[in-house]
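Peer 1: Sharing a structure with you now.
We did not get these values from a lab; they are worked out from the coordinates using the rules stated. All values derive from a computational prediction rather than experimental measurement. Neighbour counts are summed over all protein chains in view; Cβ atoms, including those assigned to glycine, are modelled from backbone coordinates with ideal geometry.
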Amino acid sequence: MGVFNVHDAKTHLSRLLEQVARGEEVIIAKSGRPVAKLVPVAAEPRRPGRLKGRIRLGPDFDEPLPEEVLAAFRGERE
């Protein structure tokens, strides 16, 4: 884990982000005092079906749209 002052962090941000992407943690300090920590973001794994029962479609979901809505899509109405 490296400690970098604000000026160095701003100057070498791309390099620090590469370090973080490799799994390292980076501390940013102001006047020698740690104020922030850069850590890798853990991606949340996809879980199929996690919204089951929470999304509902109306019974008319696949019915044709009303003519006035279709006309608006075609730019014929405001």
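Peer 1: Cα-Cα pairs above 17 Å in the chain: how many percent?
Peer 2: I get 68 percent for the Cα pairs in the chain exceeding 17 Å.
Peer 1: Measure off 7 Å from each Cα along the Cα-to-Cβ vector at H12 and F61, then give the distance between these two points in nanometres to one decimal.
Peer 2: Label-label distance for H12 and F61, simple model: 5.3 nm.
Peer 1: May I ask for the distance between the Cα centers of segment 18-38 and segment 49-68, given as a whole number of Å?
Peer 2: What the calculation gives is 46 Å, centre to centre.
Peer 1: Ignoring everything except DSSP H segments at least 4 long, calculate the 222 nm mean residue ellipticity for the chain; use -39,500 (n - 2.57) per segment, divide by total residues, nearest 500.
Peer 2: It comes out at -7000 deg cm²/dmol, rounded to the nearest 500.
Peer 1: Still on this structure, please answer the following. Rounded to the nearest 0.05, what FRET efficiency do R46 and M1 have when you use their Cβ-Cβ distance and R0 = 22 Å?
Peer 2: Once rounded, the FRET efficiency stands at 0.10.
Peer 1: Here's another thing I want to ask about it. Counting alpha carbon pairs within less than 8 Å and at least 6 residues apart, what relative contact order, in whole percent, applies to the chain?
Peer 2: Contact order relative to length: 21 percent.
Peer 1: On to the next question. Using the Cβ atoms and a cut-off under 9 Å, what net charge is assigned to the surroundings of G2, where Lys and Arg are +1 and Asp and Glu are -1?
Peer 2: Surrounding charge for G2 is -2.
Peer 1: Which cross-chain or sequence-distant (5 or more) residues have an amide H under 5 Å from the amide H of N5, H modelled 1.01 Å from N in plane?
Peer 2: Residues meeting the criterion, in which the H sits 1.01 Å from N, are A29.
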